[in-house]
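See below for the structure under consideration.
The values are calculated or read from the model by the stated rules, or taken from the named source; none is laboratory data. Treat the numbers as computed from the prediction; the structure is a model and nothing was measured. Because the Cβ atoms are built from the backbone with ideal geometry, glycine has one as well, and the counts that use them run over all protein chains shown. To get the accessible areas, we keep the full protein, side chains included, count just its heavy atoms, and leave off ligands, DNA and RNA. Shrake-Rupley method; radii C 1.70, N 1.55, O 1.52, S 1.80 Å.
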Amino acid sequence: MTDEFIQPLLGWYDENKRILPWRDQHNAYYTWVSEIMLQQTRVEAVKPYFERFIRELPDIPALAACPQEKLLKLWEGLGYYSRVRNMQLAAQEMVEKYNGKLPENFSLLISLKGIGSYTAGAIASIAYGIPVPAVDGNVFRVVTRMTEDSEDITKPAFRKKTEKALQEIIPVDRPGDFNQAMMELGAVVCVPNGQPKCLICPVRDYCLAGLHGTMEKYPVKAPKKPRVIEERTVLVIQDGNCTAIRKRPSKGLLAGLYELPNTEGYLSREEALDYVKDLGTEPLYIEELPDAKHIFSHIEWRMKAYLIRVSSLEQTHAPGILFADKKESERNYAIPSAFGAYAKYMKEEIQ
DNA sequence: AAGGCGGGGAT
DNA sequence: ATCCCAGCCTT
């Protein structure tokens with residue numbers, strides 16, 4: 001790969017870069033937080049989360065000391081919740097070993113929890129001006145199109161090859177801008193899903209796919225396996241004041257978040273009433289709620305649900321069941337979006 | 001090397 | 001419906 005495209009790319013970046021809350025702050029903590037949030041997550045989704053997170057946890061010691069419930073609440077709805085747990089583990093390690101600051105070299109950065117090859121490169125180059133590449137999905141797309149490379153980008157070997165190639169040409173005077181310019185180009189011009197905007201591309205003269213009209217053949221990715229479909233029944237169990245919720249296990253899907261009680265399979269009204277009686281409470285009323293669906297990357301939940309009024313949740317003897325006050329539940333418990341179709345009933349008074 | 005892990009916007 | 005996003009971790 002030649003470096004001739006770099007000056008046009010940087011010139012375009014200087015003129016067209018988006019204004020983002022974490023840019024030009026010269027604060028490595030902001031760079032880190034934004035890069036973690038941006039993993040597999042779009043810029044527009046991250047913006048409001050970033051602002052709130054920085055407001056609540058303005059520095060690394062604050063993050064290291066934050067109660068986990070509050071941490072998950074700050075991440076609620078953003079997904080991939082292990083990101084924020086790992087970030088806190090890394091923050092605690094920084095407080096212990098690095099005077100509460102991010103280490104200023106690539107190998108120490110990548111040794112921290114949740115910081116992989118991409119994120120270490122991004123922080124090192126953007127926050128500290130260290131000339132190392134930061135190869136994400138955007139960069140894969142831009143590079144494979146520019147070089148018409150048909151290798152499978154999901155192979156770790158391809159990442160290594162790409163990082164090595166970019167390491168050799170990354171401009172030492174502007175490594176952070178170069179990495180951001182590559183990603184910005186991928187996000188705004190050399191887009192996925194449909195036609196890239198080659199007519200306005202600053203590096204079109206250096207792009208083989210663009211010159212040959214083969215843009216949509218790249219990048220090449222191995223097909224992913226299909227989602228598994230799961231049928232579940234969700235129960236909104238309420239007395240006059242509270243809704244029953246429970247905390248999910250500390251490992252696996254949606255670890256540590258709160259959920260409405262739910263079971264594998266579709267329950268009949270009678271089975272749903274039996275479930276409630278097994279909790280030790282007396283059902284007074286049952287109503288079927290609309291079906292809902294939630295799609296994770298690897299699972300699809302098809303949900304049936306019942307709203308059940310009971311005399312008093314205080315009688316519950318089942319372990320792990322909590323009574324969430326209708327007004328306080330929203331403030332205190334992180335509930336994943338998968339329950340969004342039913343979580344709204346937690347706030348309503350039953351007729 | 002393969003699979004788990006969220007959620008949402010664009011096509 | 002399908003893709004894929006400023007990926008990383010565990011097995």
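Based on Cα contacts under 8 Å between residues 6+ apart, chain A shows a relative contact order of 15 percent. Take region A:6-217 with all the other protein chains still there, run a 1.4 Å probe, and you get 47 Å² of accessible area per residue. Taking a ≥ b ≥ c as the square roots of the eigenvalues of the alpha-carbon gyration tensor, region A:241-344 is classed oblate because a/c is 1.5 or more while a/b is no larger than b/c. Which of A:GLY79, A:GLY265, A:GLY137 ends up with the largest GNM mean-square fluctuation for chain A, with Cα atoms connected below 10 Å? For chain A, modelled as a Gaussian network with Cα springs under 10 Å, the answer is A:GLY265. Looking at region A:228-347, the accessible area is 48 square angstrom per residue; that uses a 1.4 Å probe and ignores ligands, DNA and RNA. When a 1.4 Å probe is rolled over the protein heavy atoms, the share of accessible surface on chain A that falls to carbon and sulfur comes to 51 percent. Could you tell me which of rounded, prolate or oblate describes region A:126-211, using a ≥ b ≥ c as the square roots of the eigenvalues of the alpha-carbon gyration tensor, with rounded for a/c under 1.5 and, failing that, prolate when a/b is larger than b/c and oblate otherwise? In terms of gyration-tensor shape, oblate.
Checking every one of the trypsin sites (Lys or Arg not before Pro) in region A:13-97 against DSSP loop status and a limit of 11 other Cβ atoms within 10 Å picks out A:ARG18, A:ARG42. Per-residue ellipticity at 222 nm from helix content only, as computed over chain A with -39500 (n - 2.57) for each DSSP H run of at least four residues, stands at -12000 deg cm²/dmol. For a straight C-alpha distance cut-off of 16 angstrom, the lysines reachable from A:LYS161 (same-chain residues fewer than eight places away being disregarded) are A:LYS221.
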